[in-house]
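Trainee: Encoded as structure tokens, here's the structure I'll be asking about.
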Amino acid sequence: MSERGGGADATIRTWITDGSLDGFEPFARLGSAADGAAVVFQGRVREASEGREVTRLEYEAYAEMAERELELICREASERWEVGAIVAAHRTGTLEPGEVSVSIGVAAPHRGQCYEASRYVIEEIKRRLPIWKREHYADGSTTWVGAGVEAAASADVDQ
Amino acid sequence: MKGAAETAVRLEITARLFGVYRELAGASERSVTLPADGTVSDLVAALRGSEGLDFLPERPLVAVNRAYAAPELPLAAGDEVALIPPVAGG
């Protein structure tokens with residue numbers, strides 16, 4: 001877990017975990033009395049992907065780098081927008097539809113900055129966090145998301 | 001010059017493999033030996049030419065010491081290197 005705080009700067013907490021993120025506790029009571037808004041974003045596993053029924057997702061992370069990169073992303077957000085606190089966690093392991101894969105909490109004096117910072121963090125997570133997911137479908141097939149046709153074909157052969 | 005090449009220090013680099021790269025390689029890491037002034041792109045070329053790794057693209061994402069690295073970045077002994085397939089977090 002990485003934690004950074006100090007003075008007028010935002011408090012930032014980030015972590016990668018193989019435990020459940022469904023609980024709300026780490027994202028409750030964000031920030032301080034200086035913050036008039038707080039937003040919690042949850043990314044969840046959907047039951048369908050490109051028309052196919054998803055039975056489970058396996059998330060794999062380069063954990064040491066993901067922790068560093070996640071903290072960097074949150075620090076960038078705190079430098080671009082005036083926020084009081086940012087808390088972000090990404091999950092690894094096997095997840096079923098409905099489970100939370102990523103959770104981001106932002107507290108800020110004003111709601112505009114709050115929404116903007118929250119959006120930035122999730123978009124950067126999707127763009128550059130070293131995490132991969134393997135989707136498993138109801139027909140028994142599987143694919144590494146974003147890796148292209150060759151990976152899917154190889155994955156099917158491995159079955 | 002030839003004498004210097006014989007005694008030149010070589011760089012042994014172990015690259016960690018993740019996701020689909022790990023699966024296709026059947027291994028979570030692969031070691032290669034580079035010249036002392038080897039760069040990230042030298043590493044990629046060496047890996048692509050090694051046994052069973054020809055599926056690697058010409059310019060994959062590479063991380064050195066937990067940060068994304070440019071192809072021209074020189075490598076050093078002890079560097080932590082990883083090949084990063086297209087990411088899919090969030």
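Trainee: Kindly indicate whether residue A:35 is assigned to a loop (DSSP other than H, G, I, E, B), surrounded by 11 or more Cβ atoms within 10 Å (Cβ to Cβ) and modelled with pLDDT of 95 or more.
Mentor: In short, yes.
Trainee: So how many residues does segment A:53-74 have that are under 21 Å from residue B:86 (Cβ atoms), open to solvent by 10 Å² or more (accessible area, probe 1.4 Å) and away from chain B (no Cβ under 11 Å)?
Mentor: Selection size over segment A:53-74: 1.
Trainee: Kindly indicate which of A:77, A:88, A:147 is over 15 Å from the mean Cα position of the chain (by Cα) and either open to solvent by less than 10 Å² (accessible area, probe 1.4 Å) or free of Cβ contacts under 8 Å to residues at least 24 places away in the same chain (or both).
Mentor: Checking each option against the conditions leaves just A:147.
Trainee: Please indicate, with yes or no, whether at least one residue in segment A:18-37 is in contact with a Leu (Cβ under 7 Å, 6 or more places away or on another chain) and either within 25 Å of residue B:84 (Cβ to Cβ) or of a type outside the set (D, E, K, R) (or both).
Mentor: Scanning segment A:18-37, I find no residue that is in contact with a Leu (Cβ under 7 Å, 6 or more places away or on another chain) and either within 25 Å of residue B:84 (Cβ to Cβ) or of a type outside the set (D, E, K, R) (or both), so the answer is no.
Trainee: Can you pull out the residues in segment B:57-87 that are part of a loop (DSSP other than H, G, I, E, B) and within 14 Å of chain A (Cβ to nearest Cβ)?
Mentor: Passing the criteria: B:57, B:60, B:65, B:66, B:69, B:79, B:80, B:85, B:86, B:87.
Trainee: Would you confirm, using the coordinates I've provided, whether residue B:90 is within 22 Å of residue A:73 (Cβ to Cβ), over 12 Å from the mean Cα position of the chain (by Cα) and either assigned to a loop (DSSP other than H, G, I, E, B) or more than 13 Å from every other protein chain (Cβ to nearest Cβ) (or both)?
Mentor: So residue B:90 fits the description; yes.
Trainee: Please name all residue pairs, on different chains or six or more residues apart, with Cβ atoms under 8 Å, provided the first residue is in segment B:32-53 and is more than 17 Å from residue B:69 (Cβ to Cβ) and the second residue is of a type outside the set (A, V, I, L, M, F, W, C) and open to solvent by 60 Å² or more (accessible area, probe 1.4 Å).
Mentor: Within 8 Å, the pairs are B:33/B:10; B:33/B:12; B:35/B:10; B:35/B:42; B:36/B:10; B:52/B:26.
The values are calculated or read from the model by the stated rules, or taken from the named source; none is laboratory data. For clarity, every value in this text was computed on a predicted model and none was experimentally measured. Neighbour counts are summed over all protein chains in view; Cβ atoms, including those assigned to glycine, are modelled from backbone coordinates with ideal geometry. The protein model used for the area step is the full one, side chains on, heavy atoms only, and it has no ligands, DNA or RNA in it. Shrake-Rupley method; radii C 1.70, N 1.55, O 1.52, S 1.80 Å.
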